[in-house]
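Structure record follows, encoded as C-alpha cells.
The values are calculated or read from the model by the stated rules, or taken from the named source; none is laboratory data. None of the values given here were measured: they were computed from a predicted structure. A quick note on method: Cβ atoms are made from the backbone with ideal geometry, for glycine too, and the neighbour counts reach across all protein chains shown. Quick note on the areas: whole protein, heavy atoms, side chains included, nothing else; ligands and nucleic acids left out. Shrake-Rupley method; radii C 1.70, N 1.55, O 1.52, S 1.80 Å.
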Amino acid sequence: MSSIIFITAVIIVFVVRYKRGIRQGYGIALRSIGPLRSKLISLPDPYRKLLIDYFPYYNKLSEGDKAKFERKLCLILFTKVFIPRNFENVTDEMKVLISASAVQLTFGLDEVYLAHFKKILVYPNDYYSSITKRYHKGEVNPAYGIIVISWHTFVMGYLNPTGEGINLGLHEMAHALRLENIIRNEEYQFFDERLLKRLDEFGRKVCENSESQAVRFLRPYACTNQHEFFAVAIENFFERPVGLQQAMPELFAILTTLLNQNPISLDTTSKDQAA
C-alpha cells in the first residue's frame, strides 16, 4: 500500500526510462505466456479442488466460464515466480489462490495477465518495511515488477469476510492492474482513459467531504489518493457489489465497464445453477 509520493516517483522513473529507450524486461512475461496460450492447458485436479473449496468467485461461474477461469489461472500461475519471505516454501495452495485473485480481477479483460509483475513475494504475516518504518500487509513495487502479500491477511479476506469490503488480494492486484495500464508493454493502455478519469473525478468529489456516507461506506483509507480510491473501490465492487451499487451507482457502473464484468450477475448465475 504505497504512499502517493512513492507511486508518483516510480511513475516518473518509468517515463524517464522509456524516453531513454530503457525497456529491459517489458513484455518478457507475455513472451513466456505466448507459447502457453497456443497450447491446450489443463488445470491439475488438486488445483481445481482448491478453487472449489476456497474460492467463492470461481464457484459462482457457469461451467463455460469456469473453464475460461482455469485457462487464465494457468497462464498467470505458471508465468509468475513466487518467493517466500520469513518461511521456507510457498505452497501450491498459496500459489493457486493468490493467482486466482488476479484472475478474478482481470477475468473480463481477456488480454491482461499483469505481465509486468513477474514476482510475487509472500510473507506468512504482516511484515516490517525498512523503507517506511512500519508494518505492511501488502504492497506493489512496479520498479522491480513485484507484488507483496501477507498470506494471513490474504486468507482472512477470502475465508473470513468482514462485510466491510476488505480483501487484501483484490486490493494489491488492483494496484498492480492500474500500474500495468501505464507500463509500456503488450498490455499497455487497456483501460478507457476517459472512463478512468471519470472514476478519479468521482473519487475526488466523494473525498471532499470526509464524513460523507460514501466515504464511510468505502472506508476513509480510500481517500488517501486516487490509487487507494481505485483499490478500495475494487474491493467493494467484488465484496459488496449490491451495497456499492445502491450507495454509489455511478461508481459501480464505471467499474462494471472498466473491468468488463458484473459480480451481481454472478450471484444470479450461481442461484440458477443451484436450482
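Please state which of the following conditions I234 fails to meet, knowing it meets all the rest: (1) in contact (Cβ under 8 Å) with a residue 60 or more places away in the chain; (2) open to solvent by 50 Å² or more (accessible area, probe 1.4 Å); (3) of a type in the set (V, I, T). Among (1) in contact (Cβ under 8 Å) with a residue 60 or more places away in the chain; (2) open to solvent by 50 Å² or more (accessible area, probe 1.4 Å); (3) of a type in the set (V, I, T), the lone unmet condition for I234 is (2).
Close Cβ contacts (under 9 Å, 6 or more residues apart or on different chains) running from residues in segment 204-223 that are at positive phi to residues that are in a loop (DSSP other than H, G, I, E, B) and of a type outside the set (S, T, Y) comprise R219/E164; R219/G165; R219/I166.
Scanning segment 81-119 for residues that are of a type in the set (S, T, N, Q), open to solvent by 20 Å² or more (accessible area, probe 1.4 Å) and either touching a helix residue (DSSP H, G or I) at 6+ places or on another chain (Cβ under 6 Å) or in contact (Cβ under 8 Å) with a residue 12 or more places away in the chain (or both) yields one hit, N86.
Can we say I146 is over 25 Å from E186 (Cβ atoms) and within 17 Å of the chain's Cα centre (by Cα)? Don't jump to the end; show me each part of the working.
Details: over 25 Å from E186 (Cβ atoms): no; within 17 Å of the chain's Cα centre (by Cα): yes.
For I146, the condition - over 25 Å from E186 (Cβ atoms) and within 17 Å of the chain's Cα centre (by Cα) - is not met.
Note on segment 166-193: residues that are farther than 28 Å from P220 by Cβ and either among the β-branched types (V, I, T) or in a helix (DSSP H, G or I) (or both) total 1. If you go through segment 120-166 and keep only what is in contact (Cβ under 8 Å) with a residue 24 or more places away in the chain, among the polar types (S, T, N, Q) and out of contact with any Phe, Trp or Tyr (no Cβ under 7 Å at 6 or more places or on another chain), you end up with N125, T132, N141, T153.
Out of segment 69-80, which residues are among the hydrophobic types (A, V, I, L, M, F, W, C), within 23 Å of P124 (Cα to Cα) and crowded, with 18+ Cβ neighbours inside 10 Å? L73, I76, L77 - these are the residues of segment 69-80 that are among the hydrophobic types (A, V, I, L, M, F, W, C), within 23 Å of P124 (Cα to Cα) and crowded, with 18+ Cβ neighbours inside 10 Å.
Among the residues of segment 207-219, are any within 18 Å of the chain's Cα centre (by Cα), modelled with pLDDT of 95 or more and not hydroxyl-bearing (S, T, Y)? Talk me through it step by step, then tell me what you get.
Narrowing segment 207-219 to residues within 18 Å of the chain's Cα centre (by Cα): 218.
If we keep only those that are modelled with pLDDT of 95 or more as well, we get 218.
Keeping just the survivors that are not hydroxyl-bearing (S, T, Y) gives 218.
Taking every residue of segment 207-219 in turn, at least one turns out to be within 18 Å of the chain's Cα centre (by Cα), modelled with pLDDT of 95 or more and not hydroxyl-bearing (S, T, Y).
Does segment 141-159 include one or more residues that are open to solvent by 70 Å² or more (accessible area, probe 1.4 Å) and at pLDDT below 95?
Checked segment 141-159: at least one residue is open to solvent by 70 Å² or more (accessible area, probe 1.4 Å) and at pLDDT below 95.
Rundown of residues vs (1) farther than 23 Å from Y144 by Cβ; (2) of a type in the set (D, E); (3) assigned to a helix (DSSP H, G or I); (4) modelled with pLDDT of 95 or more, yes/no style:
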| position | (1), (2), (3), (4) |
| --- | --- |
| A67 | yes, no, yes, yes |
| I83 | no, no, no, yes |
| N89 | no, no, no, yes |
| E93 | yes, yes, yes, yes |
| I98 | no, no, yes, yes |
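Being open to solvent by 40 Å² or more (accessible area, probe 1.4 Å) and among the hydrophobic types (A, V, I, L, M, F, W, C) is the filter here; which residues of segment 208-231 pass it?
Filtering segment 208-231 for residues open to solvent by 40 Å² or more (accessible area, probe 1.4 Å) gives 208-211, 213, 216-217, 219-221, 223-224, 226.
Across segment 208-231, the qualifying residues are F217, C223.
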